[in-house]
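Participant: A single structure is presented below for examination.
The values are calculated or read from the model by the stated rules, or taken from the named source; none is laboratory data. In this text the structure is predicted, and so the values were computed from the model without any measurement. Here the Cβ positions follow ideal geometry from the backbone for every residue, glycine too, while neighbour counts run over all protein chains shown. The area values use the complete protein model at the heavy-atom level, side chains included, leaving out ligands, DNA and RNA. Shrake-Rupley method; radii C 1.70, N 1.55, O 1.52, S 1.80 Å.
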Amino acid sequence: MSLVRGSLFNLYLLILTLVMGVFAFPIRLLNRRDAALGYAKLWSRAVLWGLERLCGIRIVISGQENLPDGPALIASQHQSFFDGFVWMNTVPLPAYVIKKELTSIPLVGPMLILSGMIPVDRSGGSQALRGMMDAVAKAQGAGRQIIIFPQGTRTKPGQAVPLQNGVIALARQATCPILPVVTNSGLFWPHSPWRKYPGTLRVAIGKPLAASLKGRDLIPAISGAWEALCKEHDLPHEAVENSVDLKKDNQ
């Protein structure tokens, strides 16, 4: 059944993206940044609606009271493509830090740029890092909520990997709260693009980290906050090899 669910959802996602991508052309031609973000939010809502209805995945977000009214730096675990959709409608002005390759996707890429997402060339070295820092500072000044994935790539639920040092550079210039976020999204939308598993997908938003954490103490602080949140919300905090077995505990 997981293969059937995944296939139906992929077909839905493909058709949805093609249709909405075509209807986005007027927004792109008029260079309407505000409309682009609203359109991206609509697309994300439709994607998550399909995920719930076609795959039987219930999405529960806790800790939203910890989100500030203005700008924030959201340091989230990254286990699934789901993580790239959920923040679009969880915060008012999201700005994801994304890998540059995503901007090359037909129809989707141009809207990512127009809606204010922040592409980073991961092979660009210090120059790319400076460009990201400038773009993040500008987004923060515009009151946006910046979403970063300090792990640098998708991981298995509970898998511990070294966090990227770029988060330290961003934190040093940040004047907004830094919030840790954990999830179990990889149990339900795993790396396999063809399988989706039903159950309760959880996202837990923690309290802001101490404002004094600007240097290398930040990385262990994020890791420690993630572990504490996972234990508090009964989410995987040790490496999970078989998502099919553990998903039963998260129904």
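Participant: Out of the residues in the stretch 64-108 that are surrounded by fewer than 21 Cβ atoms within 10 Å (Cβ to Cβ) and of a type in the set (Gly, Ala, Ser), state the one that is farthest from Arg154 (Cα to Cα).
Facilitator: It comes out as Gly70.
Participant: Let me ask something else about it. Please return the ranges of helices (runs of 4 or more DSSP H) entirely within the stretch 1-92 where 2 or more residues are touching a Gly at 6+ places or on another chain (Cβ under 9 Å).
Facilitator: So the answer is 2-23, 33-55.
Participant: Please specify each residue of the stretch 148-173 satisfying the condition of being open to solvent by 10 Å² or more (accessible area, probe 1.4 Å) and over 18 Å from His78 (Cα atoms).
Facilitator: Across the stretch 148-173, the qualifying residues are Ala169, Arg172, Gln173.
Participant: Cβ-Cβ under 6 Å, sequence separation 6+ or interchain: first residue in the stretch 135-152 and over 16 Å from Pro94 (Cβ atoms) and touching a residue at least 24 places away in the same chain (Cβ under 8 Å), partner of a type outside the set (A, V, I, L, M, F, W, C) and buried (at least 21 other Cβ atoms within 10 Å of the Cβ). Which pairs?
Facilitator: Matching pairs, first to second residue: Gln151/His78.
Participant: Just checking, how many residues over the stretch 196-230 are farther than 20 Å from Phe149 by Cα and at pLDDT 95 or above?
Facilitator: Residues meeting the conditions: 5.
Participant: Answer yes or no as to whether Asn250 is modelled with pLDDT under 85, touching a helix residue (DSSP H, G or I) at 6+ places or on another chain (Cβ under 8 Å) and within 24 Å of Val47 (Cα to Cα).
Facilitator: Yes; evaluated as a whole, the condition is true for this residue.
Participant: Here's a follow-up. Within 24 Å of Glu227 (Cβ to Cβ) and within 19 Å of the chain's Cα centre (by Cα), is that true of Pro208?
Facilitator: Taking the combined requirement at face value, the residue satisfies it.
Participant: On to the next question. Here are some residues: Gly70, Gly116. Which one is of a type outside the set (Val, Ile, Thr) and either on the phi > 0 side of the Ramachandran plot or in contact with a Leu (Cβ under 6 Å, 6 or more places away or on another chain) (or both)?
Facilitator: Going through Gly70, Gly116 in turn, just one is of a type outside the set (Val, Ile, Thr) and either on the phi > 0 side of the Ramachandran plot or in contact with a Leu (Cβ under 6 Å, 6 or more places away or on another chain) (or both): Gly116.
Participant: Test Ile27 against the stated conditions and say whether it is of a type in the set (Val, Ile, Thr) and closer than 27 Å to Tyr197 by Cα.
Facilitator: No.
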